[in-house]
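Participant: Pasting a structure below so you can have a look.
The values are calculated or read from the model by the stated rules, or taken from the named source; none is laboratory data. All values derive from a computational prediction rather than experimental measurement. Methodologically, a virtual Cβ is constructed for each residue, glycine included, from the backbone with ideal geometry; neighbour enumeration extends over all protein chains shown. These area figures cover heavy atoms from the full protein model, side chains too; ligands, DNA and RNA do not enter into them. Shrake-Rupley method; radii C 1.70, N 1.55, O 1.52, S 1.80 Å.
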Amino acid sequence: MAEYRAVTTVLVMYHLLECEVTGRAPLGPLSRHRVVVTTQGSVRGYFAPRPPHYSYLGLPYARPPTHYDRFKAPEPPPRWSGIFEAIHRVKCPQPDGSGDENCLVVNVFTPEDAETAPVIVHIHDGGFQSGWGTFTAPTRFLEQGFVFISLNYRIGALGFLSLGIEDVPGNAGIKDQVAALYWIHRNVEKFGGDSSDITVYGTGSGAVSIEIILMSGLTENLFQKVILESGSILSPSSLTRDPVLLAFDFAKSTGYKGDSNPQPLREYYYDVPVKILTNTSRIFRPCIERTVAEYHNLLERDPRDVLREDTASGITHSLADYINDVFLEYPVAKSVTYYANRNTYPVYLMKFADLHTRLKDHRYVGTNKYNDILRYITSDRLEDSEDLQAQKLVMLWTNFINVGDPTPLTSPLLPVIWQPVQVHEIHGQIAVQKIPCLQFDETFTNILLSGKHLKFWDSIYDKFYRTTTEKCN
């Protein structure tokens, strides 16, 4: 594996649960625009006034991954002459049949007067099966002077089919993200961003993707801070345990008549129509890759083993956690303790509760999704009761991105210093109990995350956790 270069700080969040060109931005003949010269050629973006910013939609960061490149790592993007009209709203193929395979693009939103501005790169959720980079300008981030970039990556079978061979190794969707981050690092200064101040923000499966990238050793200089929201690589839903069997079973269900030999399977998958690949109930996820000559694997060992080792101590430096239900709560809490134990920088944990989910007796109800958090910090259409929450979240994120500490000082808006996680060991083992945590609701107070269920799951994992040793073969 490549030598790992530590990022400066990482923020991880978890939350209480509960390409097709789809259009062109409406443009008038006198629309105000700005031309930026990228490494591929000139691109034209268009102005919007609230807040004053320019949007560049559908910028290619890689070549279209079609036919023999359908399941490979992405190739460098093409160059062009003339000016690329950056007004395309592009999706990768979705389960509902929309989208197009020519979808590896980024969307850049930059404040009108941006110059060496901090950069936020958002990697979307969708359980690795759906979703795309947002086309909507994140108002609150732009008001804070951040350059905001969303991106597409291959999903479903197109992004995560694996046959354990060089042409179909697996994890293509994560490799797309690495390629996008590389493009962003090379080009963001041309849009007014600072390439030495990039924060990668992953939601759900996007957070899992970032953890895989961190473990891969491919992060050298690409970003400096990380926000991980509502996703953990330790969750049972993060990885595919037997990807080749999954690929064979899916092929049989769609008419394949051969055996499980990867070579004829590869030829079959090259020619399967994209709507068949996306119209399935089977779940394709990242996998631990088989070593292939002259090929860099993203994930070669079980993530839990990587997190336990001293060599993983550079993976993160500052965390904040939005705790989900038990399915995510224990993996997240365990991740936090591993990170805190291996880092010299402070680790922070937050438990987020949407005020709309509380009853009069203070119990939580309903299913408020982590996308609501993104809505809080990006939308300019909030109810009055939500606006204060949004201000707090934006200030926490701003402090974290600017100085690496979400609460360097108290203020009327943030009246509490967010206490870092302290690791406790019992009989030489890291204990997942009594973890300092910021309760983000109307109280906004420091609490201790504890409970018998965490201790129970700790014992269950120690006894029954199945280490992933299978390669994609």
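Participant: What tally of residues in region 334-350 results from selecting those that are hydroxyl-bearing (S, T, Y), under 17 Å from V403 (Cα atoms) and crowded, with 24+ Cβ neighbours inside 10 Å?
Facilitator: Residues of region 334-350 hydroxyl-bearing (S, T, Y): 335, 337-339, 344-345, 348.
From the residues that got through so far, the ones that are under 17 Å from V403 (Cα atoms) too are 344-345, 348.
Now restrict to residues that are crowded, with 24+ Cβ neighbours inside 10 Å: 348.
Matching residues across region 334-350 total 1.
Participant: Also: Can you tell me which of (1) surrounded by 20 or more Cβ atoms within 10 Å (Cβ to Cβ); (2) over 23 Å from V208 (Cβ atoms) is the one C92 doesn't meet?
Facilitator: Against the list (1) surrounded by 20 or more Cβ atoms within 10 Å (Cβ to Cβ); (2) over 23 Å from V208 (Cβ atoms), C92 comes up short only on (2).
Participant: Something else about it: Taking the condition out of contact with any helix residue (DSSP H, G or I) (no Cβ under 9 Å at 6 or more places or on another chain) and modelled with pLDDT under 90, does G164 pass?
Facilitator: Values: out of contact with any helix residue (DSSP H, G or I) (no Cβ under 9 Å at 6 or more places or on another chain): no; modelled with pLDDT under 90: yes.
Judged against the criteria, G164 is not a match.
Participant: So, one more: Is region 377-399 home to any residue that is under 26 Å from the mean Cα position of the chain (by Cα), at pLDDT below 75 and part of a helix (DSSP H, G or I)?
Facilitator: Within region 377-399, one or more residues are under 26 Å from the mean Cα position of the chain (by Cα), at pLDDT below 75 and part of a helix (DSSP H, G or I).
Participant: How many residues does region 192-203 hold that are open to solvent by less than 20 Å² (accessible area, probe 1.4 Å) and out of contact with any helix residue (DSSP H, G or I) (no Cβ under 9 Å at 6 or more places or on another chain)?
Facilitator: Total satisfying the criteria: 1.
Participant: Here is a follow-up. Give me the residue from region 137-162 that is among the polar types (S, T, N, Q) and under 30 Å from L265 (Cα atoms) and, out of that set, farthest from the chain's Cα centre (by Cα).
Facilitator: Per the criteria, the residue is S162.
Participant: Does region 90-109 contain any residue that is more than 24 Å from G159 (Cβ to Cβ) and within 21 Å of the chain's Cα centre (by Cα)?
Facilitator: Checking region 90-109: at least one residue is more than 24 Å from G159 (Cβ to Cβ) and within 21 Å of the chain's Cα centre (by Cα).
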